[in-house]
1. Within the range 615-626, which residues are assigned to a loop (DSSP other than H, G, I, E, B) and of a type outside the set (A, V, I, L, M, F, W, C)?
2. Does residue 363 meet the test of being in contact with a strand residue (DSSP E or B) (Cβ under 8 Å, 6 or more places away or on another chain), modelled with pLDDT of 95 or more and part of a strand (DSSP E or B)?
3. Give me the residue from the range 36-83 that is under 18 Å from residue 160 (Cα atoms) and exposed (fewer than 12 other Cβ atoms within 10 Å of the Cβ) and, out of that set, nearest to the chain's Cα centre (by Cα).
4. Does residue 304 satisfy being closer than 25 Å to residue 339 by Cα and more than 27 Å from the chain's Cα centre (by Cα)?
5. Looking at the range 555-605, which of its residues are assigned to a helix (DSSP H, G or I), of a type in the set (Lys, Arg) and under 16 Å from residue 532 (Cβ atoms)?
6. Among the listed residues 112, 100, 90, identify the single one that is modelled with pLDDT of 90 or more, in a loop (DSSP other than H, G, I, E, B) and more than 16 Å from the ligand (Cβ to nearest atom).
7. Looking at this structure, is residue 453 outside any helix (DSSP H, G or I) and under 36 Å from the mean Cα position of the chain (by Cα)?
8. If you take the residues in the range 590-616 that are over 26 Å from residue 439 (Cα atoms) and free of Cβ contacts under 8 Å to residues at least 12 places away in the same chain, which one is surrounded by the most Cβ atoms within 10 Å (Cβ to Cβ)?
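The values are calculated or read from the model by the stated rules, or taken from the named source; none is laboratory data. Remember, predicted model here, so these are calculated numbers, not experimental data. We place every Cβ from the backbone using ideal geometry, glycine too, and count neighbours over all the protein chains shown.
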Amino acid sequence: MTPREEAAREAAALGEQLRRHAHLYYVLDAPELPDAEYDRMFQRLQALEAEHPELRKPDSPTQRVGGKALESFAKVRHKVPMLSIRTETDITPGGASAFDARVRRELGLAEDAPQVEYVCELKFDGLAVNLRYEQGVLVQAATRGDGEIGEDVTPSIRTVQQIPLRLHDQGAEIPQVVEVRGEVYMRRDDFEKLNERQREKIAAGQKNEKVFVNPRNAAAGAVRQLDPAIAAARPLSFFAYGLGEVTPADEGGPSHATQFDWLQQFHAWGFPIGPLTQRARGAIELIAFHETVARQRDALPYDIDGVVYKVDSLELQRQLGFVSREPRWAVAHKYPAQEQLTEVLGIEVQVGRTGKLTPVAKLAPVFVGGVTVTNATLHNEDEARRKDVRVGDTVIVRRAGDVIPEVVGVVPESAARPQQQRGPVFTMPQKCPVCGSDALREEGEVDYRCTGGLFCGAQRKEAILHFAARRALDIEGLGDKLVEQLVDARLIRTLPDLYKLGLTTLAGLDRMADKSAKNLVDALEASKKTTLPRFLFGLGIRHIGESTAKDLAKHFGKLDAIMDASEEQLLEVNDVGPVVAKSLRTFFEQAHNREVVEQLRACGVTWQEGEPAARAPKPLAGKTFVITGTLPTLSRDEAKDKLEAAGAKVAGSVSKKTDFLVAGAEAGSKLDKATELGVAVIDEARMLEILDNRP
Ligand code: IVH
């Protein structure tokens with residue numbers, strides 16, 4: 001064999017294997033090879049084709065992203081028109097009966113004639129395409145367009161990994177011509193990832209990029225993308241569900257009598273087909289399908305907007321025929337839309353039980369996902385800003401399943417209005433809208449929180465429950481329901497009110513036996529004698545768990561010392577970092593919180609105070625370290641902990657203020673920067689010496 005023949009043989013074998021493994025991976029979701037092995041084979045084929053360009057066939061797995069960007073789309077006349085599908089107007093499950101009754105009537109079936117057989121499919125929410133294969137090779141892909149004339153989108157469709165560039169033959173004859181029709185769509189997770197990347201690009205100043213409003217839009221945008229390289233970066237998926245032109249059976253084309261058999265044929269050729277597809281007999285089974293899918297809808301990894309029923313027998317389909325551009329043998333039966341447009345009437349900030357501030361859009365009432373919605377979450381400050389929702393805007397509201405409705409985004413026309421015609425940009429309040437305490441957003445967190453934990457009306461119930469918990473003040477018998485009852489009856493507003501509850505008041509409550517009232521009064525009395533760590537933990541200060549409360553008590557000895565400690569002093573405590581210190585400081589800076597503490601003491605809550613502990617030495621206080629690369633024995637987090645325990649600050653990037661860069665293997669740009677700035681560069685061993693206080 002000549003080297004050329006050898007290369008051709010190897011390339012053919014590689015192509016065969018790559019096609020098989022891509023199908024296992026992308027269509028069947030059952031990969032048999034590690035990704036790296038697939039990549040290796042792929043690169044080998046690329047190398048062979050580079051060396052012998054004549055081996056590079058259009059259906060080679062290397063040729064999904066090839067060619068230059070198009071100038072514009074060419075028009076394609078469909079050989080068989082791409083019909084649309086009639087939508088059943090009755091969206092209740094019973095709508096299926098109306099379709100079945102129509103089919104029976106139009107077929108002239110007597111009442112006692114057998115049930116009609118159907119195929120039930122999902123109605124995918126994407127973009128219909130026609131894929132033309134000649135001699136088994138994909139030669140053209142076109143959009144539906146107006147049903148007669150679509151656009152040639154072959155280059156972008158070739159990038160869809162789930163669409164075979166060559167039909168799998170499975171030993172059977174491949175027809176001379178066959179057109180497979182189906183839906184190009186984007187999975188929700190792929191859509192989220194794509195939008196994440198889009199946001200990064202926009203943040204990096206790329207002006208022409210945009211965030212997509214939903215997967216269907218993103219999919220349509222990717223298919224109608226002139227540059228296949230860009231299309232390839234927008235992950236698309238595909239389901240086959242219909243047939244266009246095909247070589248007739250008497251000229252060697254495949255012969256199938258039903259839609260169901262055609263679906264199996266598509267699958268055998270290498271296409272994904274709808275996973276829930278089912279045969280059904282008569283209206284009852286159609287309704288059952290509609291209901292089953294409704295329950296599974298939210299768990300599907302992609303959007304569907306309904307189901308499609310098709311008469312299974314092609315002969316019956318032919319008898320039924322068409323009205324205008326819609327077949328009489330199929331119908332789309334939709335679900336309540338999960339997205340609707342409505343107007344923003346206001347933007348409010350709500351405070352949750354744990355003090356989290358959430359911006360919420362107040363909406364003109366709209367029916368979406370099966371209920372009327374008037375509120376939709378904007379999640380947090382960053383999301384609200386990113387979506388830039390203003391009062392008066394028209395927005396897309398989404399409600400899927402039982403999740404809280406959310407604002408997806410502002411419709412482009414609304415967003416494009418001149419600034420002065422739109423409401424002001426949303427800003428997060430710096431004070432809690434319920435109690436007026438400072439609202440704080442910690443570094444690295446997305447949420448603002450109210451710091452008036454003990455005083456804030458929104459957090460009242462949660463604060464009392466936490467205070468009464470077994471590991472805090474341990475007030476037996478004061479659970480969920482009772483707290484709810486006491487707060488709702490306005491018997492307690494803040495913690496000290498607990499100790500003012502008398503036997504008569506308690507015994508007068510609904511569902512409260514005298515004995516339980518007595519027990520609770522006793523439990524309250526007993527809880528007054530506590531310990532400083534329990535009391536401190538019981539205040540429910542953010543980030544102050546049981547063990548930090550213990551450390552603080554041990555370090556400072558007295559509550560007043562903790563309340564008055566500066567952030568620097570707090571940082572000297574074991575395990576107290578900047579986040580905890582800041583949280584404590586802010587909490588005790590709120591006059592209301594201090595008042596509650598004083599009142600609790602006045603009610604007789606006491607503990608044994610101690611002496612401050614001897615100070616742990618902090619030899620590296622005031623020094624800033626940066627860690628980079630892979631250290632030989634410690635993980636970066638371990639090294640960071642050790643340095644911080646010795647009082648050092650560990651920063652994320654090198655600057656003039658950096659004292660030491662601890663560099664491990666494969667240190668990159670930080671090392672360059674340190675060298676440039678003249679920062680001392682040390683290794684792990686030297687760092688450990690410094691920690692041991694060795695010169
Ligand atoms: S069959 C003659 N089956 O819905 C019937 N369509 O107007 C032709 N669609 O543009 C369509 N899922 O994009 C069919 N399982 C499915 C479908 C489906 C989604 C879309 C398709 C078409 C529109 C119907």
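1. The answer is 615, 617, 618, 619, 622, 623.
2. yes
3. Looking at the filtered set, the residue picked out is 39.
4. It is false that residue 304 is closer than 25 Å to residue 339 by Cα and more than 27 Å from the chain's Cα centre (by Cα).
5. Taking the range 555-605 first, the residues assigned to a helix (DSSP H, G or I) are 555-556, 559-564, 567-571, 578-589, 591-602.
Pick out the ones that are also of a type in the set (Lys, Arg) and you get 582, 585, 594, 601.
Across the range 555-605, the qualifying residue is only 601.
6. 112
7. On the way: outside any helix (DSSP H, G or I): yes; under 36 Å from the mean Cα position of the chain (by Cα): yes.
Criteria met by residue 453.
8. 601
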